[in-house]
Each structure stands twice: as structure tokens, then as C-alpha cells.
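Computed from the coordinates by the stated procedures, all read-outs in this text should not be read as laboratory data. Predicted model, so just to flag it, every value in this text is computed and none were measured. Cβ sites come from the backbone with ideal geometry, for glycine too, and all protein chains shown count toward neighbours.
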Amino acid sequence: MNKEEFIKALKCLNINITEKQLMDLDTYYKMLIEYNTHVNLTRITEEKEVYLKHFYDSLTLVKVINLNNQTLLDIGTGAGFPGLVLKIMFSNLKVTLLDSLNKRITFLNAVIEKLNLKDVTIVHGRAEEYAKDNKEKFDIVTSRAVANLNTLSELSIPFVKIGGCFIAMKADAKEEIKNAQIAIKTLGGVIKENVVFELPYENAARSLIKIEKKYKTSVKYPRKFSEIKKKPL
Ligand code: SAM
């Protein structure tokens with residue numbers, strides 16, 4: 001997806017990108033490529049591929065949620081996908097980017113400083129640990145390519161405010177959804193919708209699984225990661 005195609009595709013998502021936002025994404029892309037030579041950030045490096053599989057893909061979240069003036073936590077953000085791209089495009093979004101790998105945190109800090117972005121909190125840590133003091137705190141929690149939906153639900157749903165939602169960004173997820181039914185219910189969530197579509201030019205399947213938080217999560221969750229793995233809900 002070249003830049004013209006990117007701008008066009010965003011219009012179909014009802015996003016009108018400004019010159020400044022295009023420049024910021026260009027800076028972000030250049031820094032990603034530069035840091036990627038010494039820190040493992042992404043396998044995808046060709047510009048057209050980054051615009052499609054990282055930038056555009058991150059922004060497809062708008063298909064299921066209004067991001068204006070919300071607080072959003074991105075769990076396992078890596079090099080900032082989707083959280084940092086969303087922040088660049090929605091300036092009044094209050095974003096927290098969480099990742100357990102410090103090298104990725106260093107990169108995120110550098111981009112945020114360079115682009116002079118406000119209302120971005122970067123946290124180096126594991127979701128299970130960070131949850132201890134941050135339960136029911138965010139309007140929206142999202143995550144892409146971190147864990148299967150069952151595990152991810154336990155890592156994510158505890159952070160969501162009642163009435164807020166967790167949106168898992170997945171490829172084809174029918175099986176995962178089946179296997180996560182009990183976990184989602186146990187954690188206080190309800191699946192509202194699963195929006196399935198294809199990434200343009202690629203015809204790769206995508207699913208946005210939107211889970212609404214209906215009830216407070218028991219203080220038992222999330223458990224230690226070893227327990228989540230050993231005894232999935
Ligand atoms: N979300 C990004 C994307 O889609 O490009 C990164 C995906 S990468 C495959 C998974 C990331 O999740 C890694 O950066 C890893 O450090 C982080 N991660 C895995 N488990 C985590 C946990 N329990 N808490 C916080 N970060 C975690």
C-alpha cells in the first residue's frame with residue numbers, strides 16, 4: 001500500500017489524515033527502520049508493507065469503536081502497534097503503551113519525544129503485574145499479536161472499566177472465540193461483536209473481537225502468567 005492508497009483507504013474508515021499526521025507517520029517509519037537494524041522490532045520493513053500491515057491495520061480499530069476522548073491501554077504494544085499509530089491519528093486519545101521488553105520501550109520513548117506527543121504513558125512491565133494497581137481503569141483495552149484469546153482475556157479484561165470494552169485484534173479467530181467463552185464470562189465480559197474483514201491488497205483475514213465489560217472482575221484475576229498457562233480458564 002503506497003501513501004496514496006493509504007490515504008484513500010483511510011477515507012473509507014472515515015479518517016481524513018492531515019499533512020502533519022502524514023509527516024509524523026513518515027518520521028515514525030524512518031525511526032522504525034533505523035532502530036530495527038540494532039533492536040528487533042519488526043520483520044516487516046518495506047515501506048508499502050509497513051503502511052498496510054502496521055499503520056493501516058492498527059487504524060482498522062475504528063471499525064468498532066469511537067476513539068475520541070477515551071483512555072486506551074495497548075497490551076504488548078511492541079513497536080507501537082496499534083497504540084502509537086492510534087495516538088498519532090487521534091490526538092485527544094489518552095494512550096498507555098505497555099510492553100515487557102525494555103528495548104521496545106526505549107524505541108517508543110524516542111518516537112514520542114521526537115513527535116512531541118502528549119498524553120502518552122509508556123510502561124515497561126508485564127500485564128499481569130501492571131494490573132495489580134490499574135484494574136477497571138481504562139475505557140478501551142486493545143492488543144494485537146500477543147496471545148490466544150483465552151489468555152489475552154485474562155490479561156486484558158481486568159483493566160477495562162465497567163461499560164468499557166476490550167478489543168482483540170486477530171486474524172481468523174473462530175476457534176479462539178470458542179475456546180475463550182468461559183474465560184470472558186468469568187472475567188465479567190460479554191462478546192458484543194466480531195467484525196470480520198480482509199486487509200486490502202493482501203486478502204488476509206482480520207477479526208476485531210469486541211468484548212464489553214459488564215461486571216467487575218474478581219480480585220483473583222489476572223493470575224500469575226505460569227498459572228494462566230497451566231490452568232487456562
Ligand atoms: N502488538 C505489536 C504488534 O502487533 O506488532 C507487538 C506484537 S509482539 C508479537 C508481542 C509483544 O507483546 C512483544 O513486544 C512482547 O514483549 C509483548 N508481551 C508479551 N507478553 C506480555 C505481557 N504479559 N505483558 C506485556 N507485554 C507482553
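Couple of notes before you dig in:
- Under 5 Å, built H, 5+ apart or other chain: amide partners of T96: L72, L73, D74, T121
- Scalar couplings 3J(HN,Hα) for segment 122-138, obtained by applying the Karplus form with A = 6.51, B = -1.76, C = 1.60 to θ = phi - 60°, are 10, 10, 8, x, 9, 4, 4, 7, 4, 5, 3, 10, 9, 6, 6, 10, 10 Hz; x denotes Gly and Pro.
- Counted by Cβ distance under 11 Å from G80, the other residues give a net charge of +1, where Lys and Arg count +1 and Asp and Glu count -1.
- Rounded to the nearest 10 degrees, the angle from helix 174-186 to the longest Cα principal axis of the chain is 50 degrees.
- Antiparallel bridge percentage (DSSP; both residues within the chain; nearest 5): 45
- Angle between the chain longest axis and helix 19-36 axis [Cα atoms, degrees, rounded to 10]: 80
- For the chain, the longest principal axis of the C-alpha atoms and the axis of helix 102-115 are separated by about 50°.
- Summing charges over neighbours of E198, with a neighbour being any other residue whose Cβ is under 12 Å away from its Cβ, gives -2 when K and R count +1 and D and E count -1.
- Residue-averaged [θ]222 nm for the chain, counting only DSSP H segments that reach four residues, each worth -39500 (n - 2.57): -10000 deg cm²/dmol
- Simple point charges give the picture: +1 on the Cβ of Lys and Arg, -1 on the Cβ of Asp and Glu, and for the chain a dipole about the Cα centre of about 960 debye.
- Alpha carbon convex hull of segment 181-233, projected area averaged over orientations, nm²: 4.9
- Cα gyration tensor, segment 1-58 - rounded (a/c under 1.5), prolate or oblate: prolate
- Among E202, E212, E47, residue whose mean-square fluctuation peaks in a GNM of the chain (springs only between Cα atoms under 10 Å): E202
- Gyration tensor verdict on segment 80-233 (Cα atoms; rounded if a/c is under 1.5, prolate if a/b is larger than b/c, oblate otherwise): oblate
- Residue-by-residue Karplus 3J(HN,Hα) for segment 192-208, coefficients 6.51, -1.76, 1.60, Hz, glycine and proline x: 8, 6, 10, 8, 10, 7, 10, 5, x, 6, 9, 6, 8, 5, 9, 10, 10
- Straight-distance crosslink candidates among aspartates and glutamates, where the alpha carbon sits under 20 Å from K132 and sequence neighbours closer than 8 are dropped: D74, D99, E154, E227
- Summing Lys and Arg as +1 and Asp and Glu as -1 over all other residues whose Cβ lies under 15 Å from the Cβ of L208 gives a net charge of 0.
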